[in-house]
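Report on the structure given below.
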Amino acid sequence: MRKARLAAAVLTMVTAITAAAQSTTAPKTRAFNVGHTDIGPTLGLGGIGAASFAIGGRFERGIRALPDMGDGVLGIGVSADWYNYNDTFTGADYDFTYIPIAATANYHIKIENNSKFDPFVGLGLGYLIVDTPYTGSYNSGIYFVGRVGARYFMTPRMALYGDAGAGAATLNVGVTFKLSGS
């Protein structure tokens with residue numbers, strides 16, 4: 001039930017931002033383009049397992065224009081997160097630490113007449129590092145990543161960031177800072 005409410009809140013937020021972004025009269029220059037490189041911290045909400053939050057970071061570079069795919073931009077992103085929680089099994093307390101690291105190919109959707117809003121969808125692979133003294137079925141391993149997200153550029157060099165999907169949390173929010181690009 002909690003995840004359904006969180007998903008509904010995320011959908012409402014994305015819908016509201018999309019509507020606001022499409023009604024904005026802004027220059028036709030895109031904020032995320034080929035050569036754009038950014039990095040930033042994230043806070044994950046709606047943790048996996050008993051974790052309440054995760055901390056992490058995102059890095060992405062725009063690598064190719066996709067004129068045959070609605071003038072989108074292909075970006076390659078890397079994410080790393082960390083979360084920890086404690087649980088009790090058979091009367092003993094165990095700490096669980098998770099570090100998911102992922103690489104995704106992200107398709108950045110062109111929004112007409114808007115240079116501030118940058119929605120994207122991504123697919124990729126990750127590797128989950130699990131550390132716990134518990135000897136159950138908690139193993140490190142490879143996982144598939146499916147992600148939707150967006151940036152909203154407050155300035156040409158700084159954007160609010162959010163993504164939802166596979167990784168350390170249901171919803172990740174943060175700020176990205178542009179390192180290079182036009």
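What are the ³J(HN,Hα) values, in whole Hz, obtained from phi via the Karplus relation 6.51 cos²θ - 1.76 cosθ + 1.60 with θ = phi - 60°, for each residue of the stretch 69-78 in sequence order, with x given for Gly and Pro?
Coupling constants for the stretch 69-78: 10, x, 6, x, 10, 8, x, 10, x, 10 Hz.
Toward the positive end of the charge dipole of the stretch 84-137, about the Cα centre and with charges on Cβ (Lys, Arg +1; Asp, Glu -1), which of Asn84, Tyr127, Tyr98 goes farthest?
Comparing the listed Cα positions along the dipole, Tyr127 ranks first.
Calculate the FRET efficiency for Ala105 and Tyr127 from the Cβ-Cβ distance with a Förster distance of 22 Å, rounded to the nearest 0.05.
Calculated value: 0.85.
Work out from phi, with θ = phi - 60° and the Karplus expression 6.51 cos²θ - 1.76 cosθ + 1.60, the ³J(HN,Hα) of each residue of the stretch 110-126, listed in order in whole Hz, and give x for Gly and Pro.
Karplus-based 3J(HN,Hα) across the stretch 110-126 equals 6, 10, 4, 6, 9, 9, 9, 9, 10, x, 8, 10, x, 10, x, 10, x Hz.
Once you place label points 7 Å from the Cα toward the Cβ at Val34 and Asp87, how far apart are they in nm?
Each label point is offset 7 Å from its Cα along the Cβ direction, giving 4.7 nm.
How would you order 52-64, 99-111 from highest to lowest mean count of nearby Cβ atoms within 10 Å?
Put in order of decreasing packing, that is 99-111, 52-64.
Bear in mind that the values in this text are calculations on the coordinates, not laboratory data. Remember, predicted model here, so these are calculated numbers, not experimental data. We place every Cβ from the backbone using ideal geometry, glycine too, and count neighbours over all the protein chains shown.
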